[in-house]
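For reference, the structure is listed below as structure tokens.
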Amino acid sequence: MPALTAARFFLAMGVVLFHLQLMWSWPTLEHTSLIERARLGVDAFFILSGFVLAHVYDRQFDTRSFSYQRFIVARLARIYPAHLAVLAVMGLVAIAAWILGERLDPERYSALGFLETALMVHAWRPHSAAVEWNGPSWSLSAEWAAYLAFPVIMLVLRRRPALLLFFAALSYLVIDAGYRRWFHQPLLHAEFNLGVLRIIPSFLAGIALRRLTVDFDWPPTRARLATFGMTVLLLWCMHTGAAEPVVVATAGAWIVSLAASPGTIGIVGGRSAVFLGEASYAIYLVHLPAIVVWKNARAILAGGDSSYVLPGWEVFMLVSLILIAGVALHVVIERPARRWIRNTWTTPRRLAEHG
């Protein structure tokens, strides 16, 4: 599914631009909500995760050849090396800041927070302050919880996709109501503060959507027209500031249309876009640490405050830096480490030793 792979890059860049928008001087929100709603790319990622996992592992459940150990090793190989590398860099940055006499917020940069982030459980409990060791990794913590639960969901509900989709919608309504009551904000704003709850409806919906559409056989022209139409609708919903649940639901339908489309679709399925889609996880992981390090380093050098507004040239430089650092992380660490872990820990001999 090259179009789905490439779509990851556009979702990741939407989140990057959303965070940069909070720091630049351009009055973007006066003209469009497109970038503000791009923050919901995280929820589209959650839908996509459930969708792709159901696609990849469905047959293994049918043939009873699914191995929980192989699955967990594959998931760890996919997400952990890049996460650990970024966390290690942030640890070194914290040490450098301490040597330079810069004081870090003890709540946001605590030893416990570092350990929880390393174990990918920092979004599993309430926090009085954000855990800032690697900002984007709260969603990684939520993904890890979803991976652990995935086999149970498939065993219990995969043959009832309509019921699963209904349960996804119901779970959103129930969890959102509880989250608003306890934390005074909607579920789609949850991050470090029990952010694990945010993935539940989207991940379940992704699995259900794949199971519901697994037998769809759309003619190529109709599939491409559906993709074009859903892309326009999604961008329009984002631009006009449609309700956040509407944007997320539309993103789910957009993902289905991309999956149904044959081969490649313009730039969304081009070779470069597919490569950037493969690197999108690393790009997403590095973007906030890169912004934090850049702004604090410049503030120290200029003797100012790191909360300054980003001028246009710095926005351009940061986008370039994030892309370069993300691609480098993907090529140098993420991809080789993933291959080594899978080859080392999923061989028949290893499985026999540890199974």
**Message:** Full-extension gain between residue 339 and residue 275, please, as 0.36 nm times their residue separation minus the C-alpha to C-alpha distance.
**Reply:** 21.4 nm
**Request:** Summarise the accessible area of the chain (1.4 Å probe, protein heavy atoms) by the percent that is carbon and sulfur.
**Result:** 67
**Prompt:** Mind checking the angle between helix 280-302 and the chain's longest principal axis? C-alpha axes, 0 to 90 degrees, to the nearest 10.
**Reply:** 10
**Fill in**
Counting only DSSP loop positions in region 31-66, the trypsin sites (Lys or Arg not before Pro) whose Cβ has at most 10 other Cβ atoms within 10 Å are 64
**Request:** Would you rank 165, 329, 100, 301 by solvent-accessible area, highest first, keeping every protein chain in place and using a 1.4 Å probe?
**Result:** 301, 100, 165, 329
**Request:** For region 176-249 and region 97-151, compute the distance between their C-alpha centroids and round to whole Å.
**Result:** 25
**Message:** From the protein chains alone at 1.4 Å, what is the descending order of accessible area for 339, 198, largest first?
**Reply:** 339, 198
**Message:** Heavy atoms of the protein only, probe of 1.4 Å, neighbouring chains included. What is the accessible area of residue 89 in Å², nearest 10?
**Reply:** 80
**With Cα atoms, 0 to 90° folded angle of helix 312-329 axis to the chain main axis** = 50
**Request:** Note down the nm distance, to one decimal, between modelled labels 7 Å out along Cα→Cβ at residue 169 and at residue 72.
**Result:** 3.5
**Request:** Would you work out the charge dipole size for the chain about its Cα centre, treating the Cβ of every Lys and Arg as +1 and the Cβ of every Asp and Glu as -1, and quote it to the nearest 20 debye?
**Result:** 1180
**Request:** Give the accessible area for residue 221 in Å² (nearest 10); use a 1.4 Å probe, count only protein heavy atoms, and leave out ligands, DNA and RNA.
**Result:** 100
**Message:** Which order do you get for 189, 184 if you rank them by accessible area with a 1.4 Å probe, largest at the top?
**Reply:** 184, 189
**Message:** So with the 1.4 Å probe, I'd like the accessible area per residue for the chain, rounded to whole Å².
**Reply:** 49
**Asked** If you take the square roots of the eigenvalues of the alpha-carbon gyration tensor of region 90-133 and sort them as a ≥ b ≥ c, do you get rounded (a/c under 1.5), prolate (a/b over b/c) or oblate?
**Response** oblate
**Message:** I'd like the orientation of helix 196-213 relative to the chain: the angle between its Cα long axis and the longest Cα principal axis, in ° from 0 to 90, rounded to 10.
**Reply:** 30
**Message:** Test of understanding: what is the full-extension gain from residue 125 to residue 104, defined as 0.36 nm times their sequence separation minus their Cα-Cα distance?
**Reply:** 5.3 nm
**region 161-303: C-alpha gyration tensor shape, a/c 1.5 cut-off, then a/b vs b/c** = oblate
**Request:** Show that you can apply the helix-only estimate: for the chain, add -39,500 (n - 2.57) for every DSSP H stretch of four or more residues, divide by all residues, and state [θ] at 222 nm to the nearest 500.
**Result:** -24000 deg cm²/dmol
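The values are calculated or read from the model by the stated rules, or taken from the named source; none is laboratory data. If you're wondering where the values come from, they're calculated on a predicted model, not measured in any experiment. Using ideal geometry, Cβ is built from the backbone for each residue, glycine included, and neighbour counts are taken over all protein chains shown. To get the accessible areas, we keep the full protein, side chains included, count just its heavy atoms, and leave off ligands, DNA and RNA. Shrake-Rupley method; radii C 1.70, N 1.55, O 1.52, S 1.80 Å.
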